[in-house]
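Notes for the one structure printed next.
Just so it is clear, none of the values below were taken in a lab; they were calculated from the coordinates. What you are looking at is a predicted structure, and each value in this text was computed from that prediction instead of being measured. Glycine gets a Cβ as well: all are built from the backbone with ideal geometry, and neighbour counts include every protein chain shown.
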Amino acid sequence: MRTLLAATLVLSFAAWLTLHVVLVARLLFRSPRWMSLLALLPPLAPLAPYWGYQTGLRRSAISWGAALAAYAVALAFAYALGQ
């Protein structure tokens with residue numbers, strides 16, 4: 001159980017981080033380009049899917065949110081089980 005939970009935490013966080021970098025890279029090729037640079041700053045990272053959705057990157061933005069939700073659920077399970 002611990003191994004499965006640990007693997008889920010690691011994989012969901014890795015997926016979220018990868019999708020964030022992909023979304024920021026795709027925003028770099030859309031105008032205005034300043035949004036991609038601001039989305040790299042940690043306090044403004046949640047704006048990346050918002051700006052992505054606005055500029056037509058809907059699948060990337062939804063995938064970003066799904067990966068973050070998967071990580072949050074796995075983290076809640078880890079805290080609930082005390083691991």
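Details
- Span-like helix ranges in the chain, DSSP H, alpha carbon extent 27 angstrom or more, Kyte mean at least 0.0: 2-28, 58-81
- In loop segments of the chain as defined by DSSP, the trypsin sites (Lys or Arg not before Pro) with at most 11 further C-beta atoms inside 10 Å of their C-beta are Arg33.
- Loop-located chymotrypsin sites (Phe, Trp or Tyr not before Pro) in region 1-72 (DSSP state other than H, G, I, E, B) with a sparse environment of at most 12 neighbouring Cβ atoms within 10 Å: Phe29.
- Whole-number D in µm²/s for the chain (Stokes-Einstein; Kirkwood sum over Cα pairs; 20 °C, 1.002 mPa s): 161
- FRET E, pair Leu38, Phe77, Förster distance 30 Å, beta-carbon r, rounded to 0.05: 0.40
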